[in-house]
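Following: one structure in structure tokens, then a few remarks.
The values are calculated or read from the model by the stated rules, or taken from the named source; none is laboratory data. This one's a predicted model, so the numbers in the text were calculated from it and none came from an experiment. For neighbour counting, all protein chains shown are included, and Cβ atoms are generated from backbone atoms with ideal geometry for every residue, glycine included.
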Amino acid sequence: MEIARSINGALRKVPAWPLYIIGVIPPAWLFYQGVTGNLGVDPVKEMEHQIGLLGLQVLIATLLVTPLFKLTRINLVKFRRAMGLIGFFYIVCHLAVWLFLDVQIWSQIWADIVKRPYITIGMAAFVLLIPLAVTSNDWSMRKLRRSWKTVHKLFYPAIILGGVHFFLLRKGIQLEPVLYLAGIILLLVLRLPFIWRWRQRNRTTSVREAT
């Protein structure tokens, strides 16, 4: 726990706002790589997939903040809002590449949303993330009060749908999307209150037996 205190002490001196600047770099770099021909034979698809995967990774990292604190006492809560908004930004970029650079034909876009399950699920995840992004500010927290937490619970079905979207995107069962989906489910399970009550009970029992 002494290590956690030292880390938390150092983190208190680090502001969250630089994350927003750093967060712009990966999609900008991918766009530059695509324009300069460094993303292979289909740069649009590669850009689309890499930005989407990056968005899922950042959202999973956001989900990790609470279990990490409970397991190690390392507190990253002050960065969680920035991480969530950056993850949403990447998903918006992923969607924009698909809409404006990949498909481009609006009638085809609607047909894909309706007919292709992985796109339907991906769009559903995106729609669930919108109210979270819109209300990720102090003003919304004050106005919504207790309802704010209820709104932000939409993150849980959204990230599950994001994991399923990635799983279905890769045709056939592949290890990478399975690991992502399993990681999401594990992190959600670790957020369940009874897990920590059980852990605390076992710890208390162990201390009593040792004494």
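Condition (residue is farther than 27 Å from F167 by Cβ and under 18 Å from the mean Cα position of the chain (by Cα)) applied to the range 120-128: is it met by at least one residue? Looking through the range 120-128, none of the residues is farther than 27 Å from F167 by Cβ and under 18 Å from the mean Cα position of the chain (by Cα). A count restricted to the range 106-148 and to residues that are without any contact (Cβ under 8 Å) to a residue 40 or more places away in the chain, in a helix (DSSP H, G or I) and not hydrophobic (A, V, I, L, M, F, W, C) stands at 12.
Inspection of the range 61-74 identifies at least one residue that is crowded, with 17+ Cβ neighbours inside 10 Å, of a type in the set (A, V, I, L, M) and closer than 23 Å to W29 by Cα.
Screening the range 1-95 for helices (runs of 4 or more DSSP H) wholly inside it with 3 or more residues that are among the aromatic types (F, W, Y) returns the ranges 18-35.
Looking for whichever is under 20 Å from the mean Cα position of the chain (by Cα) and crowded, with 22+ Cβ neighbours inside 10 Å here; the options are M83, M47. Which one fits? Before the answer, list the steps.
Working: M83 fails: crowded, with 22+ Cβ neighbours inside 10 Å.
Being under 20 Å from the mean Cα position of the chain (by Cα) and crowded, with 22+ Cβ neighbours inside 10 Å holds for just one of M83, M47, which is M47.
Would you pick out the residues in the range 159-194 that are more than 14 Å from G52 (Cβ to Cβ), free of Cβ contacts under 8 Å to residues at least 60 places away in the same chain and aliphatic (A, V, I, L, M)? If the condition is that a residue be more than 14 Å from G52 (Cβ to Cβ), free of Cβ contacts under 8 Å to residues at least 60 places away in the same chain and aliphatic (A, V, I, L, M), then I160, I173, L175, V178, L179, L181, A182, I185, L186, V189, L192 are the ones that fit.
T204 fulfils the conditions (1) at pLDDT 90 or above; (2) surrounded by fewer than 11 Cβ atoms within 10 Å (Cβ to Cβ) except for a single criterion, (1).
Condition check ((1) within 20 Å of E176 (Cα to Cα); (2) not hydroxyl-bearing (S, T, Y)) across all residues:
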position	(1), (2)
Q33	no, yes
G52	yes, yes
I60	yes, yes
T72	no, no
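Evaluating P177 against the criteria (1) over 30 Å from K13 (Cα atoms); (2) out of contact with any Lys or Arg (no Cβ under 9 Å at 6 or more places or on another chain) leaves one unmet condition, (2). Only one of (1) over 21 Å from Y20 (Cα atoms); (2) surrounded by fewer than 18 Cβ atoms within 10 Å (Cβ to Cβ) fails for K78. Which number is that? Going through (1) over 21 Å from Y20 (Cα atoms); (2) surrounded by fewer than 18 Cβ atoms within 10 Å (Cβ to Cβ) one by one, K78 breaks only (1).
Note on the range 96-105: residues that are of a type outside the set (A, V, I, L, M, F, W, C) and assigned to a helix (DSSP H, G or I) total 1.
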